[in-house]
Amino acid sequence: MFYDTVSYDHGLPHDPVKAIVAPRPIGWISTLDGQGRVNLAPYSFFNIFASRPPIVGFSSEGMKDSVAFIQESREFVCNLVTYDMRNEMNATSAPLPRGDSEFEHAGLEMEASRLVKSPRVKGVAAALECKLVSVQELTTFDGQPMDRYLVLGHVVGVYIDDRCIRDGRFDMTLARTIARCGYADYAVVDELFSITRPLGGG
Ligand SMILES: Cc1cc2nc3c(=O)[nH]c(=O)nc-3n(C[C@H](O)[C@H](O)[C@H](O)COP(=O)(O)O)c2cc1C
C-alpha cells in the first residue's frame, strides 16, 4: 500500500505513521516554571542527537506546559520511564490545569537533581539533567509554521541508578526502560544482540 500526506487516503482505521517510526524512547520531562511550580509529562518524540557533549530533544504538538515551563526556567530533566512506572507515566499525561503537579496527581515522589533545579522522578533508572539550547517551531517543507515545537537540551548531568549497571554497562534489560509503539502499544527490551561496527567509523 501507499498513501500521501495530503489525502491521508490509507484506508486504515488509524494513521499508521507513529507505528512505523517505532519503538521510540520516552522522555518523561520534569520542569519548573519561573515561580517554581513543577510539571511532569511523557514525550515519545524524544531522542539523542549528539553524544559528546550529549544533546537531547523532544517535540511538543502544540505549546504544552512542558515547553512553556522550559522557556521560563531554561532547564529540564528527561527521566527514562521503566516498566514498573508505566501506569504512573500514563497518569502524568493527563491534561491537568497549568500549575497543578502531575507528581501529586500520579502519586510520585521527587528527588533533587544535582546541576539543575528541576527535580527528577524518584525511582527512575536514569535521568538527564539539561540546560535549554533552543526551542524551535517546526515548519512544513514550504515554510508553514506548524504549532509544533522542537526543544533541544544540552545534557549537563547524567543520573543512573547503580542497580542498572552490569559489567560496566547501562543494561536496559535490567533497567527495563519502556518504549512507545503505535496505537496504545509499548515495548520493553528483554533481549539484546550485538553487531560490531567496521573499523574506522566515527
Ligand atoms: C507515552 C506517551 C508519549 C507522548 N508523547 C508525546 C509527544 O511526543 N509529544 C506531545 O506533544 N505529546 C505527547 N504525549 C501527550 C502528552 O504527554 C500530554 O499532552 C501531556 O498532557 C502534556 O503535558 P504538559 O502540558 O504538562 O507538557 C504523550 C503521551 C504519552 C502517554
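Laboratory data are not the source of any read-out in this text; all were calculated from the coordinates shown. Predicted, not measured: the structure shown is a model, and the values here were computed from it. In this analysis, Cβ positions are derived from the backbone assuming ideal geometry, glycine residues included, and neighbour counts consider all displayed protein chains.
Any idea which of ALA68, ALA41, ALA91, ALA106 is within 11 Å of the ligand (Cβ to nearest atom), of a type in the set (A, V, I, L, M, F, W, C) and farther than 27 Å from GLU137 by Cβ? Quick ask: steps written out before the conclusion?
Working: ALA68 fails: farther than 27 Å from GLU137 by Cβ; ALA41 fails: farther than 27 Å from GLU137 by Cβ; ALA106 fails: within 11 Å of the ligand (Cβ to nearest atom).
The unique qualifying residue is ALA91.
So the check is Cβ under 9 Å with 6+ separation or different chains; which pairs have a first residue in region 138-157 that's over 29 Å from LEU115 (Cβ atoms) and a second one that's of a type in the set (Gly, Ala, Ser)?
Between residues of region 138-157 that are over 29 Å from LEU115 (Cβ atoms) and residues that are of a type in the set (Gly, Ala, Ser), the close pairs are ASP147/GLY62.
Under 7 Å by Cβ, and 6 or more places apart or on different chains, what pairs join a residue from region 29-46 that is over 25 Å from ILE178 (Cβ atoms) with one that is charged (D, E, K, R) and part of a strand (DSSP E or B)?
none
Name every residue in region 71-88 that is aromatic (Phe, Trp, Tyr) and either within 14 Å of THR31 (Cα to Cα) or within 11 Å of the ligand (Cβ to nearest atom) (or both), in order of residue number. Walk me through it before giving the result.
To start, the set of residues in region 71-88 that are aromatic (Phe, Trp, Tyr) comprises 76, 83.
Once the filter is applied, which keeps residues that are aromatic (Phe, Trp, Tyr) and either within 14 Å of THR31 (Cα to Cα) or within 11 Å of the ligand (Cβ to nearest atom) (or both), region 71-88 yields only PHE76.
Select the strands (runs of 3 or more DSSP E) contained entirely in region 1-100, then report the ones holding at least 2 residues which are surrounded by fewer than 17 Cβ atoms within 10 Å (Cβ to Cβ). So that I can check it myself, show each step before the final result.
Working: elements: 27-32, 38-43, 46-51, 54-61, 75-80.
Result: 46-51, 54-61.
Within region 170-185, count every residue that is in contact with a strand residue (DSSP E or B) (Cβ under 8 Å, 6 or more places away or on another chain) and more than 16 Å from ASN47 (Cα to Cα). Give the derivation first.
Within region 170-185, the subset in contact with a strand residue (DSSP E or B) (Cβ under 8 Å, 6 or more places away or on another chain) is 170-171, 174-181.
Retained after the next criterion (residues that are more than 16 Å from ASN47 (Cα to Cα)): 170-171, 174-176.
So the answer is 5.
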